[in-house]
Structures are given as structure tokens and as C-alpha cells.
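So the structure is just underneath, and the comments pick up after that.
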Amino acid sequence: MTTLPWYDRIPRTRIYLKLPEILSGLAEVLSGTGMGEAKVAAFEQAFAKMMGVGEAVAQPYARIALHHLVQALSLPAGSEIIMTPITIHDIVNVLLVAGLKPIFVDINPQTYQMDPERLTQAITPKTRAVLVTHLFGLATDMDSIQSICQQHGLVLLEDGSHAYNAAWKGKKLGTFGDAGFFSLSSLKAVSTGYGGMVIAKDAAVLARVRNQSAQLPVVAQGHMGGILIRNLIVNLATHPTLFSWSTFLLVRWISQRSPETIRKWQTDNPNVLRLQEIPTKWLWRFNDVQASLGLACLARVNDWDEKRRANAQILLDHLMPIAQDRLPLLLEGAHNVFWRFPFRAPEGAAFRQFMASRGVDLTTTLLPCCATMPIFADVAQKTPHAERAVREVHFLPVHPTIHPRRIHQQAQIVLAFLKQKAGIYVPS
Ligand SMILES: Cc1ncc(COP(=O)(O)O)c(C=O)c1O
């Protein structure tokens, strides 16, 4: 029976920043040399080049990118914006603070992406915009979404936070809409500790976004240092050796005693609030430390994407023949980057415990279904597929630094779980 070796267990995720990069960022923060903006333009240009567009504007967060975009696009208060229900709750907060009404449309349960048919059904005379979130780094049919928006004269916004480098028929996700925005927070494939980026079709819109972000204050050194220290801790805690010897044992011990503790700790957060205004703690200017980290990630993003895609393919090859109904439907024409590899496991804690007993730590998505969150009860919608996905979809780790040999073994462990469930004897 396959079990991962005790010295090389698989963590649920790793961050994309390397240890020396975080340490050099910390040194720049401590010395104060990294708090300027000399390198920000180079990072913006490199980002724009990756996306195949002329210009990109760095932002404090993805949510602030959206905040600035909504203002720059002058979407009238009271307008409806149709959106994907699975995302961070603060994206919804930003729209509500701007006086917009989010209308959540359910996802396609097989692709996990916005369903063009449901989108059409949700359009009313008050609809002004559509916000598509490219969940998990998988592509949806952007031809349909784009043509629906054009037909109805709707602004199309794309949240590409999970989907750097993903494409639909050769065109990068994030470039189909009037504007695209991206998160650069720690777990993303392009990370700057925290941060965001905006691209837009109309140079005047982008100029307004740039103007708004230029007025933000410089981040406090202590704040930037704190973010890097958190990145350092996550980097160390998920380092293959340290993870196998310490973090994994702790996580497994907790999940065996109380299977939902870690998930609840991450999702039932008392800081999840309905906001009346944009908190000032989100409003910082992008700095050189972030730009250096982002440039380092951009230099390897293609290579790491290909490694992650190859890892995902190994899982697909092993699992497709017997577990197709648990795997995402991958559309022809899509170039998927698998920021996360979704695998349906309604067995929940039993699946996680089985995987952990053989050396694989994994989790469900920690993003909520915003359509049913109590804080958004006044704009609630029934989105059963999204609710089910949030409960059932687990992420099989495919981080580019995980050796393909371990991914093969991970697939064998998933197959063993499925066999055991089907009543076939699996030696422990
Ligand atoms: C889909 C999606 N959009 C937006 C965000 C928000 O990013 P930020 O923290 O940069 O505002 C996240 C963060 O995880 C996300 O997953």
C-alpha cells in the first residue's frame, strides 16, 4: 500500500516566494531601502508583458483594484453586477460599499466557472456589469461570456487572481473584459507578500486607477515587515523537511482528534464583517520590496506553471479512468494552469483523514459561497452548485515544487481511498 516517506510528505500548499527572496525583502524593509517606488514601474511592465497588454497598474490588494476600478468606470449606484458566488467576502464588501447590488449566479457544477446560460437569465434592466472569477486557474467559455456582455452592453470585469497565464483559445484570462484584476497575496502564483494588479482596455480608465493609487500613503515599515515574517513562517512550515517532521504531525494530530477544527479555524473567522466603508488599513502604496518579490516570481512563472500543469496531468491520467465524475470538466480551447486541482470528495473528513494517514495533507477550498453568507443576507441568492462545491471540493496538491514521483504516489493513495470505499480490501 502506498504511503509517502516520512521525510517527504505533501503539504496542502506552499507559497511561491523562495526563502532567500523573503529574507532579502526583510533586510530591505529593516534598512528602509525597500520602501520607495523605483522598481515598481519595471514590475508593472513585466506583468503587462506576461499578460500581452500595454500597461498594468500595481495596487495594494485585488479588492482595492476592484474598488478603484468601480470608481474609474463610474458604475452608477444601485446598478446590478452579476458575479461568481465563490470568492473572498471582501470582494462583495467592496461592491456593496460602492452602492452596487451583487447578483450571484450559480456556477456550472462540472467546470466550477460562471455558467453563460445562468448569466443570461440573471440580466435585468438594472444590470450594468458582470464580474467573472476564474476559479482555481481553470478557464471557462469566454467567447460566450464576452458575447453576452457585448449583446447587452455590459461592462465585463475579470478576477484573474487564480489564473495567471491561463488562457482561452490562446488569449490570456483577464484580457477579455473591460478590465482584469489580480491578487498578489502570499499563496498566489505571482506573489508580492500582499498586493494587486489592474489591467484595462481603456487607457483613460487605467489612468484614473493610477491616479487613485498614487494618492495612497506609504506603508509602515512594521506592517510590511510583519507580512514578510508571516510569509517566512509559512515558507518554513511547508518546507519539505520541516513540514514532514513537524507541521504535518501537528496538523494530522489535530485533524484526527477534531476533524473540522483546522477548517473551522480558517473559515469561521470573527473578522468576517459587513463593511460600511473601505478600511484605511487596505490603502497602501506599492513599494520596491513588493516589486522585487513580484519580479522574482514573474521570472519563473512560465516554468512553474508548466511544472504544475504536468503534476495536474499526472493526477488526471491516474484518476480519469475511474473517477471522472469527481474531476473538473476541462473545456476544449482552455489552457488551464491548475492553481488548485479540484477533486470532489463528499466524504469530507473521512477523505482528509485517509489522505493524512498516508502522508498527504489537504483541504477544501477556504473561499466561502458569498451568496449564502449571513452578513450578505439582504442580497442572498440560491446557488446550490456553489454551496456544494465549497463543501465537497478538495484540492489535491500540485505545487510545482512537489516532485512528480510524489504526485504519482498521491494519485495511488486517492485510488486506494476509492477502492476502500467500494469495499475492495486495501492493506494499511
Ligand atoms: C478569487 C479571489 N479574488 C480576490 C482575492 C483577494 O485578494 P486580495 O487579498 O489581494 O484582496 C482572493 C484572495 O484569495 C481570491 O481568491
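The values are calculated or read from the model by the stated rules, or taken from the named source; none is laboratory data. No experiment lies behind these values; they were computed from the predicted model shown. Because the Cβ atoms are built from the backbone with ideal geometry, glycine has one as well, and the counts that use them run over all protein chains shown. Side chains are part of the model used for accessible areas, which takes the heavy atoms of the whole protein and leaves out ligands, DNA and RNA. Shrake-Rupley method; radii C 1.70, N 1.55, O 1.52, S 1.80 Å.
In this simple spin-label approximation, Ser144 and Asp202 carry label points 7 Å from Cα along the Cα→Cβ vector, and these lie 2.8 nm apart.
Carbon and sulfur atoms: what percent of the 1.4 Å accessible area of the chain do they account for? Whole-percent figure for carbon plus sulfur exposure: 56.
Within a straight-line Cα-Cα reach of under 16 Å, Lys126 can be paired with the following aspartates and glutamates, leaving aside sequence neighbours fewer than 8 residues apart in one chain: Glu80. Across the protein chains, with a 1.4 Å probe defining accessible surface, the residues Leu362, Leu30 rank Leu30, Leu362 from largest area downward. Distance from the Cα centroid of the stretch 315-382 to that of the stretch 32-100 is 26 Å (rounded to whole angstrom). With protein chains left intact and a 1.4 Å probe, residues in the stretch 1-155 average 36 Å² of accessible area per residue.
Think of it as helices only: each DSSP H run of n ≥ 4 in the chain is worth -39500 (n - 2.57), and spread over all residues that comes to -13500 deg cm²/dmol at 222 nm. The magnitude of the dipole of the stretch 19-214, with charges of +1 and -1 set on the Cβ of Lys/Arg and Asp/Glu and taken from the Cα centre, is near 220 debye. As a test question: what accessible area, to the nearest 10 Å², does Val94 have when a 1.4 Å probe is rolled over all protein chains in place? Val94 has an accessible surface of roughly 0 Å² with all protein chains in place. Provide the net charge surrounding Ala27, with neighbours chosen by a C-beta distance below 13 Å and charges set as Lys +1, Arg +1, Asp -1, Glu -1. Every neighbour counted, the sum reads -3. A simple spin-label model places pseudo-atoms 7 Å from Cα toward Cβ; at Gln151 and Thr401 they are separated by 4.7 nm.
For the stretch 340-428, state which trypsin sites (Lys or Arg not before Pro) are in a DSSP loop and have at most 12 other beta carbons lying within 10 Å of their beta carbon. The qualifying sites are Lys382. Under 19 Å from a label point 7 Å along Cα→Cβ of Gln420: give me every residue in the stretch 329-357 with its amide N that close. Under cut-off, by backbone N: 343-357.
In this structure, the residue pairs whose Cα-Cα separation is over 32 Å, taken from Lys49/Lys281; Lys172/Lys419; Lys171/Lys421; Lys39/Lys171; Lys188/Lys421, are Lys172/Lys419; Lys171/Lys421; Lys188/Lys421. If a spin label sat at a point 7 angstrom from the Cα of Gln412 along the line to its beta carbon, the backbone N atoms of the stretch 310-330 nearer than 15 Å would be those of 315, 318-319. In this simple spin-label model, placing a label point 7 Å from the Cα along the Cα-to-Cβ direction at both Arg300 and Ser74 gives a separation of 4.6 nm. Mind running the shape call on the stretch 19-214? Use the C-alpha gyration tensor, a ≥ b ≥ c as the square roots of the eigenvalues: rounded below 1.5 for a/c, prolate if a/b tops b/c, oblate otherwise. It is prolate, given that a/c is not under 1.5 and a/b is the larger ratio. Ligands, DNA and RNA are left out, and with a 1.4 angstrom probe the accessible area of the stretch 296-406 is 39 Å² per residue.
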